[in-house]
Amino acid sequence: MLSADRRQLGKEGERVAVQFLKSKQLCIRETNFRCAAGEIDIVAEDDDVIVFVEVKTRRNSNYGLPEEAVHYFKQKKLLQLAMYYLQKEQLQNKRCRFDVISIIFNNNKIKKIDHFVDAFSA
């Protein structure tokens, strides 16, 4: 079980990521899409592309960079969730991509934010 502090950090990271994506002119379709298989942090649209976004947030990089936590098994899970989402929303014919947003906070301020567009593919 995640501590309330880590959960709060994750929620704040997701909030920052949504604002960041909006500033890049992406349209947010949904946040925290949940189903029995898991959760997609952000589902957005970039022109005619459905974008599935995984947000990773840390207080520092002592244990590695946030984006390093999106390993093979996490990618595989996100692919499964995306396929389910596309089917549920009847968007199977749409192009899609997988982005990762990595955020490091320092003293409750954003120290670094990286947006990895098309971070991995199906």
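Each reported figure results from applying straightforward, stated rules to the coordinates on display, with no laboratory input. Just so you know, these numbers come straight off a predicted model, no measurement behind them. Glycine also receives a Cβ, built like all others from the backbone with ideal geometry; neighbour counts cover every protein chain displayed.
Tabulated data
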| quantity | calculated |
| --- | --- |
| Above-threshold pairs, the threshold being 25 Å between Cα atoms, out of LYS74/LYS109; LYS74/LYS94; LYS22/LYS112; LYS74/LYS112; LYS11/LYS94; LYS24/LYS76 | LYS74/LYS109; LYS11/LYS94; LYS24/LYS76 |
| Over the chain, relative contact order from alpha-carbon pairs under 8 Å, at least 6 apart, % | 22 |
| For the chain, with +1 on Lys and Arg beta carbons and -1 on Asp and Glu, the positive-most of ILE110, CYS96, CYS35 along the dipole | ILE110 |
| Reported label for calculated Cα extents along the principal axes in Å given [x] 51, 33, 21; [y] 44, 32, 23; [z] 52, 37, 36 | [y] |
| Size of the stretch 1-66 as Cα extents on the principal axes (Å, biggest first) | 37, 29, 18 |
| Listed residue (PRO66, ILE50, GLN8) projecting farthest to the positive dipole end of the chain, Cβ model | GLN8 |
| The chain - charge dipole about Cα centre, Lys and Arg +1 at Cβ, Asp and Glu -1, debye rounded to 20 | 400 |
